[in-house]
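**Q** One structure, as structure tokens, below. Some questions next.
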Amino acid sequence: MVFSALRFSAVVVAVLPLVSASLERRAVRNGHHPHFEARGTAGKCIATSWSQVGERVFDYVIAGGGTAGLALAGRLSEDAAVSVAVIEAGHSAYGAQAARVETPSAAYFDSSVGSELDWQYKTTLQAGTAREMSWPRGKTLGGSSAINGLYYTQASKREHQAWSRLATGSSDDTEHWGWHAMRDAHLKATEYMGSSVRELDGAIAAQANETLGHSGPLAVAYPARSYSSVAAWGPAFASMGISAAAAPYDGQTHGAFVAASTLDTAEWKRSFSRSAYVDPICDERANLVVLPNQHVTKVIFDDDDTTLGQRRALGVEFAASKEAPRVRVTARREVILSAGAIGSAQLLQLSGVGRKELLEKHGIDVVYDLPGVGRNLQDHLAVSTSYKVKEGVPLPSNSSPDDRQLNSYVDGAVAYLTVRDIFGDDTAAFLQRAEAASEKYAEASQMPAAVKRGYKRQVRLLLRDLLAEESQHGFSGHAKPVLEMLLGTMDSSMHFSSAAQAPFSRGYVSIHSADAFEQPHIDAGYLGHETDLELLVAGIKIARRAAATSQFAELLESETTPGAAVATESYEELISYVRETAETNYHPTSTCSMLAEHLGGVVDQWLRVYGTSNLRVVDASVIPVSLSAHTQSAAYAIAERAADIIKQARKEGKSEPVEECAEEEEEEEQDEEECEA
Ligand SMILES: Cc1cc2nc3c(=O)[nH]c(=O)nc-3n(C[C@H](O)[C@H](O)[C@H](O)COP(=O)(O)OP(=O)(O)OC[C@H]3O[C@@H](n4cnc5c(N)ncnc54)[C@H](O)[C@@H]3O)c2cc1C
Ligand SMILES: *[C@@H]1O[C@H](CO)[C@@H](O)[C@H](O)[C@H]1NC(C)=O
């Protein structure tokens, strides 16, 4: 396909709107509610044909219209002077799919997990669990934010100091990833919409109002209904010596609290990245095009433009299916990968950025040998105990599908526990055991050298600064929680889950074919490190202690799983139970880690992929060390930070458009002259 980039950019510029529409939800809500009135229908920015993107030129091309991708697109397109295209492999989820996405309780009763809105990934056979495990990921506009459990939690201040230290060599809070920067990003992303529920401690809601945002696109609120089990949560943990979290939305997450949800109280619907960042402005912004149902197959790089030894991304190639023809789109300024913890790593490898041996094995031209791509994979593995509730104890059910308030209920009761909460006076001994186990683990692991150096660096940071009560290097705030306890309520049963928040095991994502439509290998590495097993075993004991508190004893009749067959005193029985029943808590991160390159990093602190000049990754894959929180808040905050960084780069003249006819494959002389002129 021969075409002139210059000619196409003239077309794009001509249709830009004169003023950029405000993203602020409040503005939307004060007038009509266009996204609600238009329920089930796509706005004008949602492309209906590949040709609205294919063979065209945009300033920014974003691969993946998920949580971070659409948030970033919403922010970048605020500037009417730039054009933005998003390409999403999944369905738009307007129309027939809308109810399932929008109804909060559908997360339990009519889940999109396992549907066509889910990639339905499977891990490889996990040595630690002797199973292949299912790994859902959103495949739709909004990505995983459209299919997730709506929990809205944030990581702690100390974790962000550590992230910033890893990314920049400094823990100065003014850096991009320190606590203050991230708190500002959280504030910018959110609008707290309140709580009207009696079962909730009023202090929590008042504090949420003080510490969450007030004019951001993403609605965060408490459901309209709640249950006695939720009311029992805080007091039960208090009776176990675990007090209420001091400020879950201000960096102090340690302790028990009822988390808010990504929920819009105007109609008691899920708030997710498409409904928050795109739907309200979709009709007004001609500089934004969002194309669903097209799979990005690779990033195209310039062959010879090696400015300072860095390769320039010219655009991406995409296709509707394995058999469909590949179509290209040009990025005048930048290509941004927001395909998530699996997709972004896979796309980099398919595009020639990854470990040289892997790429060569699949016949992919090496653009840049970067062994960290797909590595450092971390997830929150969870194990649950289940209970039959006493007669007459009310629990959520889907008995009244049309009752919006009733169906706004989603679980939110959580408790974040530190090593000290779990091991008490044996904390130092635990940390020593974990250190010895980590040495053994690193020794035996097949990680590339740089990745192994990075792993050792992370473990040192974890043991000395994050998990230890007092940081050895001056990090402030409370210790990073190692376990999250979650209350699960459904029909006639109740569950207590324990999810590992500081995984010591590492996995990887690697292509096993040069075909973009083949699922990559996902080895989560679950339980490869014995400390993870030890922590999950401790989690079962805590769950049982919680169930035995007077608050829960009043509600519960008996433990159904694991039940009497597994004794709390038997470490062997508990280990088997963890291996047999643990499941993902859906929080994979870190496959494109923000770390120094010699530590196995993939992106720098400006989210730029090493070895490239204008390719960034913006999604949960850049988080260098797993956060003690559900991951959507970080995905939104990363997108907010990325938007600022990218806007700043343009202001400073650091992402000037390249107008050469880079896209042409079979250039004719005439065109070449025109381009160079
Ligand atoms: C079932 C489930 C429940 C969860 N529950 C919670 C919760 O309650 N609270 C919470 O905070 N977090 C939860 N999470 C995690 C959280 O939703 C994710 O961590 C977060 O949304 C990830 O954002 P992201 O932008 O990194 O990736 P995603 O939101 O997954 O976005 C990636 C997007 O890229 C697209 N894509 C991938 N490859 C390609 C390609 N080649 N071409 C084009 N498009 C592509 C995908 O289809 C997807 O839309 C849950 C996740 C799941 C799956
Ligand atoms: C938050 O606090 C402000 C100021 O006290 C108040 O006006 C507002 O109604 C509160 N919002 C919610 C959602 O509780």
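Read the figures in this text as sums done on the coordinates, not as results from a lab. Not measured: the values here are computed from a predicted model. We place every Cβ from the backbone using ideal geometry, glycine too, and count neighbours over all the protein chains shown.
**Q** Measure nothing fancy, just the Cα-based angle from helix 571-581's long axis to the longest principal axis of the chain, in degrees from 0 to 90, nearest 10.
**A** 40
**Q** So, one more: What spacing in nm lies between the two simple spin-label points modelled at ARG131 and HIS598, each 7 Å away from Cα in the Cβ direction?
**A** Distance between label points: 4.3 nm.
**Q** I would also like to ask the following. Shape verdict for the range 35-138, please, from the Cα gyration tensor: rounded (a/c under 1.5), prolate (a/b greater than b/c) or oblate.
**A** It is oblate, given that a/c is not under 1.5 and a/b is not larger than b/c.
**Q** Between helix 530-548 and the chain, what is the angle of the helix's C-alpha long axis to the longest principal axis, kept within 0 to 90° and rounded to the nearest 10?
**A** 50
**Q** Now a separate question. Tell me, what is the percent relative contact order of the range 118-239, built from C-alpha pairs under 8 Å that lie six or more residues apart? The partial results should precede the final answer.
**A** Numbers: 155 pairs, mean separation 18.9, N = 122.
After rounding, I find 16 percent.
**Q** Using a Förster distance of 60 angstrom, determine the FRET efficiency expected from the C-beta separation of ARG198 and LYS356, and round it to 0.05.
**A** The computed FRET efficiency comes out at 0.50.
**Q** If each residue of separation counts as 0.36 nm, what is the full-extension length gain between GLN405 and SER570 once their alpha-carbon separation is subtracted?
**A** Between GLN405 and SER570, full extension yields 55.0 nm more.
**Q** Checking the a/c ratio against 1.5 first, then a/b against b/c, what shape does the Cα gyration tensor give for the range 168-284?
**A** On the way: a/c = 2.80, a/b = 1.15, b/c = 2.44.
It comes out oblate by the Cα gyration axes.
**Q** Ordered by packing density, taken as the mean number of other Cβ atoms within 10 Å over each peptide's residues, highest first, how do 461-470, 420-429 rank?
**A** Order by mean packing, descending: 461-470, 420-429.
**Q** Something else about it: What does the extension gain come out to for SER115 and ARG433, with contour length at 0.36 nm per residue minus their alpha carbon separation? Please report the intermediate quantities before stating the final value.
**A** Numbers: separation 318, 0.36 × 318 = 114.48 nm, distance 4.23 nm.
Value of the extension gain: 110.3 nm.
**Q** On a 0 to 90 degree scale, rounded to 10, what angle separates helix 67-76 from the longest Cα axis of the chain?
**A** In the chain, helix 67-76 runs at an angle near 50 degrees to the longest axis.
**Q** A follow-up question, please. Where the only charges are on Cβ atoms (+1 Lys, Arg; -1 Asp, Glu), what is the dipole of the range 116-224 about its Cα centre, to the nearest 20 debye? Show your work: numbers first, answer last.
**A** On the way: 10 positive and 12 negative charges, 61 e Å.
It works out to roughly 300 debye.
**Q** Also, quick follow-up: How much of the DSSP beta bridge set in the chain is antiparallel, as a percent to the nearest 5?
**A** Taking every DSSP beta bridge with both residues in the chain, the antiparallel ones total about 70 percent.
**Q** Could you tell me the calculated FRET efficiency between ASN398 and LEU308, based on Cβ-Cβ distance and R0 = 56 angstrom, to the nearest 0.05?
**A** 0.45
**Q** Could you tell me which of rounded, prolate or oblate describes the range 524-610, using a ≥ b ≥ c as the square roots of the eigenvalues of the alpha-carbon gyration tensor, with rounded for a/c under 1.5 and, failing that, prolate when a/b is larger than b/c and oblate otherwise?
**A** prolate
**Q** To the nearest 20 debye, what is the magnitude of the charge dipole of the chain about its Cα centre, counting +1 on the Cβ of each Lys and Arg and -1 on the Cβ of each Asp and Glu?
**A** Dipole about the Cα centre, nearest 20: 1620 debye.
**Q** Okay, helix-only estimate at 222 nm for the chain: each DSSP H run of n ≥ 4 adds -39500 (n - 2.57), divide by all residues, round to 500 deg cm²/dmol; what do you get?
**A** Values: 20 runs with 199 residues, N = 677.
That calculation yields -8500 deg cm²/dmol at 222 nm.
**Q** Rounded to two decimals, what is the ratio between the C-alpha radius of gyration of the chain and 2.2 N^0.38 Å?
**A** After normalising by residue count via 2.2 N^0.38 Å, the value is 0.93.
**Q** Applying 1/(1 + (r/R0)^6) with R0 = 25 Å to the Cβ-Cβ distance of ARG545 and GLU469, what FRET efficiency is obtained, to the nearest 0.05?
**A** 0.70
**Q** Tell me, what HN-Hα J-couplings in whole Hz come from the Karplus equation 6.51 cos²θ - 1.76 cosθ + 1.60 at θ = phi - 60° for each residue of the range 442-449, using x for Gly and Pro?
**A** 5, 4, 7, 7, 9, 4, x, 3
**Q** Right, here's the next one. Go through the range 196-209 residue by residue and turn each phi into a ³J(HN,Hα) via Karplus (6.51, -1.76, 1.60, θ = phi - 60°); whole Hz please, and just put x for glycine and proline.
**A** Values per residue, Gly and Pro as x: 10, 9, 5, 5, 8, 4, x, 5, 5, 5, 4, 6, 4, 4 Hz.
**Q** Would you mind pulling out the separation of the Cα centroids of the range 443-482 and the range 249-302, in Å?
**A** One Cα centre to the other: 31 Å.
**Q** For a footprinting-style exposure proxy, rank TYR121, TYR277, TYR586 by other Cβ within 10 Å, fewest first. Let's see the in-between values first.
**A** Working: TYR121 18, TYR277 29, TYR586 22.
The fewest-first ordering by Cβ neighbours comes to TYR121, TYR586, TYR277.
**Q** What net charge is computed for the residues neighbouring GLU554, neighbours being all others with C-beta under 13 Å from the C-beta of GLU554, Lys and Arg scored +1, Asp and Glu -1?
**A** That sum, taken over residues with Cβ under 13 Å, equals -1.
**Q** Within the set of other residues whose C-beta is less than 9 Å from the C-beta of SER145, count the net charge using Lys and Arg as +1 and Asp and Glu as -1.
**A** +2
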